[in-house]
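Notes follow once the structure below has been shown.
The values are calculated or read from the model by the stated rules, or taken from the named source; none is laboratory data. Predicted, not measured: the structure shown is a model, and the values here were computed from it. Cβ atoms come from the backbone with ideal geometry, glycine included; neighbour counts cover every protein chain shown.
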Amino acid sequence: MGTCSSLGAALVLATLIPTPLAAQTTEAWEAPTLTITRYDEDWSDLADADRRAHHWTGQFKYIPISDDAWLSTGVEVRARSEDYRNNLWGGADAPDDSFLWARAMPYADLHVGKLRAFVQPILAYSVGVQPSPSPIDQTRVDLLQGFGEVDLGPVTLRGGRQMLSLGTERLVGTRYGPNVPLALDGVRAIATVGKARVNLFAVKPVAPGPASFDDRTSPTKALWGAYAVLPGLDLYYLGYRNRAARFGGIEGREVRHSLGARFYGTRGNLHWNMEGVAQFGQFAGQKIGAWTVGTEVGWRFAGLPMTPDATVRVNVVSGDGKPGDRHLGTFNALFPKGKYFGELSPVGPTNIVSLNPRVSAALGDGFSASLAAMAYWRYSTADGVYGIPGNLLRAPGGSSARFIGKEAEATLAWQATAELELSTSFSLFGPGAFIRDTGPARTIRMIGLEANFRF
C-alpha cells in the first residue's frame, strides 16, 4: 500500500507505553499510544494523582493548574545517520554521501475548559549533507506546530499550524522520515456524525527555510477537502492548487481534485488495506485524468515462533500516456509520507507499478526485524520516473523499457526502554533496463542508523 518500511513503522507504532506504566489501581489504566502528531494523545485520565505517580513521565504528562486547567508536555529527540553510495544510481549531485540528521521537538499542550492551545517548536540540524543541506534537512529553530482549539461538543474547531495525517498518508502525510516534518497553516473542523468522524479543512503547506524562524506559508500551494473515517472505511475528497506546477517540461497553474476510498480491516490472522483514488482537474490548459489503486494483504502466523507477519503490497499509479494531447495522466500524490516504499525510497508514487512482499517478526526482548523486496516498473512508457515530492528524476528519453529496478531491504529495531528505540536498516536498489537506457545506472546502497527518544 505504499506504507513506510517496518523500520519506519516501528518508529511510529512500537511506542505503546508498556504495562509498567499502567497504574496498579482498582481500575487498570492504559496509556495512550505516542503518536507522530502528538496533539491527538489524550492524557486527561492522569488527573488522578495516584496514576501519575506510577511512572516518572506522569508528572510531565499531566500538570494540574486549576480545577479546569491542566498542561501536558513531552519531547522527541532523534538522531539519524544515512550513508549513500551511488545515490540516484550515480546521477545525484553528491552520489556518495554520508550525513547526520538531528532534531528535537518538545511540545506543550494547554487545556482550559473547552479551550486548548498546542505549541511545538522544532530544532533541526544536519551535518555532512552534500552538496548543501536543503530546508528538509535543516530548518534550525522554528515553529513546527502552533494552534488554538475550541471544543463545541460534536464539533471541534482548530486554527493555526499543525501536522496532518490522513489514512495511510498516501496523499497527505507528516513527512516524518526526513529531518523536517511537513506542517500546514489553516483551519480545520473535526465533527462526529454517528459512527463517522469527519475532518473538514482548508490549509496551505509550510515552506521551511534554512535559517531560524524563517518558515513561511506557501504562496503557491493550497489544500482543502473532507475526510470521513467510518468503521473499516475511509471516504474523502481533496482539492489542490499549485500556481507553479511543472509536468512534462511545462510550468503552469494546476487545480486538481481527488476522490478516494480506503477499505481496511482484520479478520482473525488476515489483515487488509486497499485504496483507490481518481483525480481530475486542469493544468496549463490540459485536462487532468489520473488514478491509483493500492492493495495490501497480509497474514499473521500466530502459531509460529516470533509470530511472523507476511504482507504483499501492490501499487499501480498512472502516468501520462501521450505528450501534447492536452490530457495529463500523471498522478499527483500531493503531500505523501517521506519514506514511501521503504527506508531507501529513490522513486515515488507517480507513473509506477510496484510489487512489495515483506516479512516482519518480533524477535523477543524488545527486538523486531523485517525483510522486504521491491520491484518497480513504469506504468506508461511515455512518462518518466519521479521522486516522492513529484519531481522528475528521469525523463522518458526515448526508452521503451518499463522496468525501473529491484530493491532489497533489511531492518532491525530494538525498543530498549519505553522511551528509547534504536534501529538500523540496510538497502540495495539495482537499476533496471529503463535506468540503464537513460543515464547513470549503478546500484544504490544505503545504510541507516537511528536513535529515537520520546515521551
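Report the residue count in region 299-322 for those that are more than 20 Å from GLY348 (Cβ to Cβ) and assigned to a loop (DSSP other than H, G, I, E, B).
So the answer is 9.
Quick one: which residue in GLY128, GLY209, GLY173, GLY186 is among the small types (Gly, Ala, Ser), under 19 Å from ILE36 (Cα atoms) and touching a residue at least 24 places away in the same chain (Cβ under 8 Å)?
Residue meeting the stated conditions: GLY173.
Restricting the search to region 59-79, which residues are buried (at least 19 other Cβ atoms within 10 Å of the Cβ) and small (Gly, Ala, Ser)?
Result: SER72, GLY74.
Pairs, please: C-beta under 7 Å, at least 6 apart or cross-chain, first residue hydroxyl-bearing (Ser, Thr, Tyr) and in region 246-269, second not in a strand (DSSP E or B)?
Filtered contacts from region 246-269: SER258/LEU171; TYR264/GLY232.
Yes/no matrix, rows are residues, columns are (1) among the acidic types (Asp, Glu); (2) surrounded by 17 or more Cβ atoms within 10 Å (Cβ to Cβ); (3) in a strand (DSSP E or B):
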{"site": "GLY294", "(1), (2), (3)": "no, yes, yes"}
{"site": "VAL297", "(1), (2), (3)": "no, no, yes"}
{"site": "GLY324", "(1), (2), (3)": "no, no, no"}
{"site": "ASN332", "(1), (2), (3)": "no, yes, no"}
{"site": "LYS339", "(1), (2), (3)": "no, yes, no"}
{"site": "SER345", "(1), (2), (3)": "no, yes, no"}
{"site": "ALA375", "(1), (2), (3)": "no, no, yes"}
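State whether one or more residues within region 52-71 are touching a Pro at 6+ places or on another chain (Cβ under 9 Å) and modelled with pLDDT of 95 or more.
yes
Take region 218-249 and flag every residue that is part of a strand (DSSP E or B), under 20 Å from the mean Cα position of the chain (by Cα), surrounded by 15 or more Cβ atoms within 10 Å (Cβ to Cβ) and not aromatic (Phe, Trp, Tyr).
LYS221, ALA222, LEU223, GLY225, ALA226, ALA228, VAL229, ASP234, LEU235, LEU238, GLY239
From the list PHE280, PHE213, PHE263, pick out the single residue that is surrounded by fewer than 18 Cβ atoms within 10 Å (Cβ to Cβ), of a type in the set (Phe, Trp, Tyr) and part of a loop (DSSP other than H, G, I, E, B).
When all the criteria are applied, what remains is PHE213.
Report, by residue number, each residue of region 78-101 that is free of Cβ contacts under 8 Å to residues at least 40 places away in the same chain, in a strand (DSSP E or B) and hydrophobic (A, V, I, L, M, F, W, C).
Across region 78-101, the qualifying residues are PHE99, LEU100.
Yes or no, residue by residue, for (1) within 25 Å of GLN279 (Cβ to Cβ); (2) crowded, with 23+ Cβ neighbours inside 10 Å; (3) of a type in the set (Val, Ile, Thr); (4) modelled with pLDDT of 95 or more:
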{"residue": "VAL314", "(1), (2), (3), (4)": "yes, no, yes, yes"}
{"residue": "GLY321", "(1), (2), (3), (4)": "yes, no, no, no"}
{"residue": "GLY329", "(1), (2), (3), (4)": "yes, yes, no, yes"}
{"residue": "ASN351", "(1), (2), (3), (4)": "yes, yes, no, yes"}
{"residue": "PHE367", "(1), (2), (3), (4)": "no, no, no, yes"}
{"residue": "SER370", "(1), (2), (3), (4)": "no, yes, no, yes"}
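Going through region 53-77 one residue at a time, which ones are in contact with a Ser or Thr (Cβ under 9 Å, 6 or more places away or on another chain) and not in a strand (DSSP E or B)?
Those that are in contact with a Ser or Thr (Cβ under 9 Å, 6 or more places away or on another chain) and not in a strand (DSSP E or B): HIS54, PHE60, LYS61, TYR62.
Pairs, please: C-beta under 6 Å, at least 6 apart or cross-chain, first residue free of Cβ contacts under 8 Å to residues at least 60 places away in the same chain and more than 20 Å from ALA413 (Cα to Cα) and in region 362-382, second of a type in the set (D, E, K, R) and surrounded by fewer than 20 Cβ atoms within 10 Å (Cβ to Cβ)?
ALA375/LYS406; TRP377/ARG402; ARG378/ARG402
Would you confirm whether or not region 354-363 contains a residue that is in a strand (DSSP E or B), more than 16 Å from the chain's Cα centre (by Cα) and among the β-branched types (Val, Ile, Thr)?
yes
Tell me, which residue of region 185-200 that is of a type outside the set (A, V, I, L, M) and part of a strand (DSSP E or B) is nearest to VAL150 (Cα to Cα)?
Among those that are of a type outside the set (A, V, I, L, M) and part of a strand (DSSP E or B), it is ARG188.
Go through region 391-450 residue by residue and tally those that are out of contact with any Pro (no Cβ under 7 Å at 6 or more places or on another chain), buried (at least 19 other Cβ atoms within 10 Å of the Cβ) and outside any loop (DSSP other than H, G, I, E, B).
19
Taking region 307-328, which residues are on the phi > 0 side of the Ramachandran plot and either among the β-branched types (Val, Ile, Thr) or in contact with a strand residue (DSSP E or B) (Cβ under 7 Å, 6 or more places away or on another chain) (or both)?
Within region 307-328, THR307, ARG326 qualify.
When you go through (1) modelled with pLDDT under 95; (2) of a type outside the set (Ser, Thr, Tyr); (3) surrounded by 13 or more Cβ atoms within 10 Å (Cβ to Cβ) one by one for ARG85, which number turns out not to apply?
(1)
Given GLN138, GLN145, which one is buried (at least 17 other Cβ atoms within 10 Å of the Cβ) and part of a strand (DSSP E or B)?
The unique qualifying residue is GLN145.
Tell me which residues, restricted to region 391-449, are polar (S, T, N, Q) and touching a helix residue (DSSP H, G or I) at 6+ places or on another chain (Cβ under 7 Å).
Selection gives SER399, THR411, SER423, SER425.
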